[in-house]
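Have a look at the structure below, then the notes.
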Amino acid sequence: MSQVIYPCRMATDRDTVLLAAVGLLSRQPTAAMDEIARAAGISRATLHRLFPGRDALLHEIATFALQRMEAALDTAAVDEGDPVEAVRRLADAIIPDAELVAFLSGESKLFEDDTITDGWDRIDARVAALFLRGQQSGAFRIELPSSWLSEAFFALLAGVGWAVQDGRLAVRDSTRALTELFLGGAVRRD
């Protein structure tokens, strides 16, 4: 009986390719697919097998970012415990994905896709609910709408992503920078 030998294929980790694409596209938004493939360390043909075109790649990055953000919200258990501590837990959980949030925030074309918009709205509603809960408990300022606090939190998170990527902020300092700046303005003072 003869043995069938299959050619060896290099496994490609989609997440690694997506993160490499984000790293390049954040600095060079018009980068071509062959440049993205080089940044990911794969051939253009492999990139096209994974993502048939630029729009498919962008959609996949957005979907990946939203999944990671949902996971961070779950990990942080934002609907439990002291609201200020929940914000700190959220920052700890979501900082590793700050670059993804920055990319998602800056790529307005993605929001032409209803599934991406719906996903972002779900995440935003969960974070706004955290701030509303904090306002109701007296932890957060009540003159700032909870929806705006959510917007401000994500805007600062995106800023952290860009600052870390550009070397203006050390990764080890990013959680503290986000929480101190955000909570400094959001926490209610007597």
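Just so you know, all these numbers are worked out from the coordinates, no wet-lab data involved. What you see is a predicted model, and the numbers here were worked out from it, not measured in a lab. Backbone-built Cβ (ideal geometry, glycine too); neighbour counts: all protein chains shown.
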Just for the range 35-66: of the residues that are among the charged types (D, E, K, R) and surrounded by 12 or more Cβ atoms within 10 Å (Cβ to Cβ), which one is farthest from the chain's Cα centre (by Cα)? Arg44
Report, by residue number, each residue of the range 110-153 that is in contact with a helix residue (DSSP H, G or I) (Cβ under 7 Å, 6 or more places away or on another chain) and of a type in the set (Asp, Glu). Asp113, Asp124
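Which is in contact with a Leu (Cβ under 6 Å, 6 or more places away or on another chain) and either assigned to a helix (DSSP H, G or I) or more than 20 Å from Ser174 (Cα to Cα) (or both), of Ala56, Ala62, Ala45?
Numbers: Ala56 fails: in contact with a Leu (Cβ under 6 Å, 6 or more places away or on another chain); Ala45 fails: in contact with a Leu (Cβ under 6 Å, 6 or more places away or on another chain).
After ruling out the rest, the residue left standing is Ala62.
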